Amino acid sequence: MAYSLKSVTIRTDNSESGMAKINELWADIMTGKIPLDFVKNGVPVKGLSPISAYSDYESDEKGKYNLSVMTVTAAFFAKMEELVAQGKYVKIDEKGETIADCANKAWSKVWQLTASGELKRAFTIDYESTVPAEYTKDGKAHCYLYIAVK
C-alpha cells in the first residue's frame, strides 16, 4: 500500500533511552520507512518543512511528553513569528556544524534559562525546526525553537 503521512507521534522523555527513540524515529523518517509527506523518494518537497512538536508534558523537561513530527508550510512559521511578537512564545535560534550540534545548543539554552528563572515555560506545546547546513546561506545547520511561555 502506498501512502504518506502528515504526522507521526511517539511518547518519550529526555533519558538516554528516550533520546534513542527520538533518533530512531528520525532515522525511520529520513530513510522513508515512515513516509512523511515532506520528502518524496528521498528528496525534500519544495514548500514543505518538517517540524517537531512537543506536547502533553507530564510535568516539565524531566517527565514524559509527546513528540510529533509533522509537515508544515511557510504559513506555520509566519504564525509562530506573530505569537512571538505577542509574547506567547520565545524564539531560540542556534547554529552549529550539524543538526544535532545546533539542537543540543538550543535545548541547553532553554534548560539554562528555565533553571535560572529567566524563562517561564508553559509546558503546553513547543516547536522545533532544524535546517541542515546544505540548505542554509551561511553553510551552518540551524535550530529554531518556539517555546510557549506563561
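The values are calculated or read from the model by the stated rules, or taken from the named source; none is laboratory data. Remember, predicted model here, so these are calculated numbers, not experimental data. For neighbour counting, all protein chains shown are included, and Cβ atoms are generated from backbone atoms with ideal geometry for every residue, glycine included.
Given (1) part of a loop (DSSP other than H, G, I, E, B); (2) in contact (Cβ under 8 Å) with a residue 40 or more places away in the chain; (3) under 18 Å from Pro132 (Cα atoms), where does Gly47 come up short, assuming only one miss?
(2)
Within region 91-146, work out how many residues are out of contact with any Ser or Thr (no Cβ under 9 Å at 6 or more places or on another chain), buried (at least 17 other Cβ atoms within 10 Å of the Cβ) and part of a loop (DSSP other than H, G, I, E, B).
Count: 1.
Assess whether Ser68 counts as being out of contact with any His (no Cβ under 8 Å at 6 or more places or on another chain), closer than 13 Å to Tyr127 by Cβ, modelled with pLDDT under 95 and assigned by TED's automatic domain parsing to the domain that holds Thr9.
Against the criterion (out of contact with any His (no Cβ under 8 Å at 6 or more places or on another chain), closer than 13 Å to Tyr127 by Cβ, modelled with pLDDT under 95 and assigned by TED's automatic domain parsing to the domain that holds Thr9), Ser68 does not qualify.
I want to confirm something. Restricting to region 7-34 and keeping residues that are assigned to a loop (DSSP other than H, G, I, E, B) and at pLDDT 85 or above, which single residue is nearest to Leu48 (Cα to Cα)?
Ile34
Considering only region 58-71, I want to know if a residue exists there that is buried (at least 16 other Cβ atoms within 10 Å of the Cβ) and charged (D, E, K, R).
Scanning region 58-71 turns up at least one residue that is buried (at least 16 other Cβ atoms within 10 Å of the Cβ) and charged (D, E, K, R).
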